[in-house]
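Trainee: Just dropping this structure here.
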Protein chains: 2
Amino acid sequence: MTYMQAHRYLMQFAIRPSVQRTAVMEYLMNHKTHPTVDEIYLALSPGIPTLSKTTVYNTLNLFIEKGAVQMLTIDEKNARYDADTSKHAHFYCSSCGKVYDFMISKPEVYEFPVNPQFNIHSMQLSYYGTCKNCNN
Amino acid sequence: MTYMQAHRYLMQFAIRPSVQRTAVMEYLMNHKTHPTVDEIYLALSPGIPTLSKTTVYNTLNLFIEKGAVQMLTIDEKNARYDADTSKHAHFYCSSCGKVYDFMISKPEVYEFPVNPQFNIHSMQLSYYGTCKNCNN
DNA sequence: TTCACTGCAAATCATTTGCAAGGCC
DNA sequence: GGCCTTGCAAATGATTTGCAGTGAA
């Protein structure tokens, strides 16, 4: 995924593509590891020395508002961000703290239930446990 | 749900039932609103004037460790706690911040998927949107 | 020129830690 | 006595806010 592709993607969401914003989106598209704010900041700092963590926060909050990324609440310590808004679940390893994408083969689990009490906008399906690397 | 029932429930999990611990468990059993630490503390303070928030934190962490309650990560602001460990989903209203229990009729969504990469201990199914009270 | 964006510093808020006092076996 | 529990105060760490400087349309 190139810088220009991230640039175009932002325009689709009517997000003005500044250098900082495009770099954050490019990073999210290329690193499907559901990074934290700190990880994004540390990764981009060398390339953009003036980057501040405030801008990373501002940028991610804007992306969420515009619907370009999803915030994951799977990890109680830090917010994590996912630019992949397609239907998939996540697995959180409580040993190493990594968040993995998790494809569930039953499509019906992703359907929004019908309930007159609730107007559902989105959902999150999260599994917890230990990953293979940590089990051995 | 009485104090004595909460007391017995704690014993089942090999949790020494102090006055503070039993009061926290009794509160969780009687208020299925997925309270935050602060809500629990504020509710119990009048009855137990010496209670400290540290003790509420200690107590809830102990309950989680022993498997007597589940921590919900549905709300990115505060941890929330649920003494009902049976299979059910949750709905988070992004307008009023309330967390509702949400029964999903399809039992298959609660089944742990089989995947050699992951050793699954638990899951959370969370829906986001606005509730009926906030829509009107 | 105007207005949105950026980034530093300070503030806020939830949670954890250190530690001393109290209570139970 | 010894250990577990409690609770205060301080520390930590993520996130937000205030605000002034910068840059683009």
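The values are calculated or read from the model by the stated rules, or taken from the named source; none is laboratory data. As the structure is a prediction and not an experimental result, all values here were calculated from the model. Note: ideal-geometry Cβ built from the backbone for every residue, glycine included; neighbour counts use all protein chains shown.
Trainee: If you go through segment B:111-136, how many residues are among the aromatic types (Phe, Trp, Tyr) and more than 18 Å from the chain's Cα centre (by Cα)? Break it down stepwise before answering.
Mentor: Kept after step one, since they are among the aromatic types (Phe, Trp, Tyr), are these residues of segment B:111-136: B:112, B:118, B:127-128.
With more than 18 Å from the chain's Cα centre (by Cα) added as a condition, the list becomes B:112, B:118.
Going through segment B:111-136 one residue at a time, the tally reaches 2.
Trainee: Only one of (1) within 16 Å of DNA strand D (Cβ to nearest atom); (2) of a type outside the set (Phe, Trp, Tyr); (3) in a loop (DSSP other than H, G, I, E, B) is not met by A:THR85, so which one is it?
Mentor: That leaves (1) as the condition not met.
Trainee: Filtering segment B:114-136 down to residues that are more than 7 Å from chain A (Cβ to nearest Cβ) and part of a helix (DSSP H, G or I), which residue is surrounded by the most Cβ atoms within 10 Å (Cβ to Cβ)?
Mentor: Among those that are more than 7 Å from chain A (Cβ to nearest Cβ) and part of a helix (DSSP H, G or I), it is B:CYS134.
Trainee: Right, another one. What are the pairs, 6+ residues apart or on separate chains, where a residue within segment B:85-101 that is more than 9 Å from chain A (Cβ to nearest Cβ) has its Cβ under 6 Å from a residue that is polar (S, T, N, Q)?
Mentor: B:THR85/B:GLN70; B:HIS90/B:SER126; B:SER95/B:THR130
Trainee: Return the residues of segment A:71-91 that are crowded, with 18+ Cβ neighbours inside 10 Å and not hydrophobic (A, V, I, L, M, F, W, C); say none if nothing qualifies.
Mentor: A:THR73, A:ASP75, A:ARG80, A:TYR81, A:ASP82, A:HIS90
Trainee: Is one or more of the residues making up segment A:26-38 within 29 Å of A:GLU111 (Cβ to Cβ) and within 12 Å of DNA strand C (Cβ to nearest atom)?
Mentor: no
Trainee: A follow-up question, please. Taking segment A:46-80 as the search range and keeping residues that are free of Cβ contacts under 8 Å to residues at least 24 places away in the same chain, under 22 Å from A:PHE13 (Cα atoms) and not polar (S, T, N, Q), which one is nearest to DNA strand D (Cβ to nearest atom)?
Mentor: If we filter segment A:46-80 for residues that are free of Cβ contacts under 8 Å to residues at least 24 places away in the same chain, which is where we start, we get A:46, A:49-50, A:52-54, A:57-58, A:61, A:64-65, A:71, A:76-77.
Filter once more, keeping what is under 22 Å from A:PHE13 (Cα atoms): A:54, A:57-58, A:61, A:64-65, A:71.
With the extra rule that they be not polar (S, T, N, Q), the set shrinks to A:57, A:64-65, A:71.
Numbers: A:TYR57: 4, A:ILE64: 10, A:GLU65: 11, A:MET71: 9 Å.
Applying the filter and picking the extreme gives A:TYR57.
Trainee: In the set A:THR59, A:THR22, A:THR55, which member is within 13 Å of DNA strand C (Cβ to nearest atom), over 30 Å from B:VAL114 (Cα atoms), in contact with a Lys or Arg (Cβ under 6 Å, 6 or more places away or on another chain) and at pLDDT 95 or above? Break it down stepwise before answering.
Mentor: On the way: A:THR22 fails: in contact with a Lys or Arg (Cβ under 6 Å, 6 or more places away or on another chain); A:THR55 fails: in contact with a Lys or Arg (Cβ under 6 Å, 6 or more places away or on another chain).
The match here is A:THR59.
Trainee: In segment A:102-111, what residues are assigned to a loop (DSSP other than H, G, I, E, B) and more than 7 Å from chain B (Cβ to nearest Cβ)? Break it down into steps so the answer makes sense when it comes.
Mentor: Pass one, segment A:102-111, residues assigned to a loop (DSSP other than H, G, I, E, B): A:103-106, A:111.
Of everything in segment A:102-111, those that are assigned to a loop (DSSP other than H, G, I, E, B) and more than 7 Å from chain B (Cβ to nearest Cβ) turn out to be A:MET103, A:SER105, A:GLU111.
Trainee: Looking at segment B:1-45, which of the residues that are part of a loop (DSSP other than H, G, I, E, B) and within 13 Å of DNA strand D (Cβ to nearest atom) is surrounded by the most Cβ atoms within 10 Å (Cβ to Cβ)? Walk me through it before giving the result.
Mentor: As a first pass, look at segment B:1-45 and keep what is part of a loop (DSSP other than H, G, I, E, B): B:1-2, B:13-18, B:31-35, B:45.
Going one step further and asking which of them are within 13 Å of DNA strand D (Cβ to nearest atom), we end up with B:13-18, B:45.
Values: B:PHE13: 15, B:ALA14: 8, B:ILE15: 20, B:ARG16: 9, B:PRO17: 18, B:SER18: 12, B:SER45: 14.
So, considering only residues that are part of a loop (DSSP other than H, G, I, E, B) and within 13 Å of DNA strand D (Cβ to nearest atom), the one surrounded by the most Cβ atoms within 10 Å (Cβ to Cβ) is B:ILE15.
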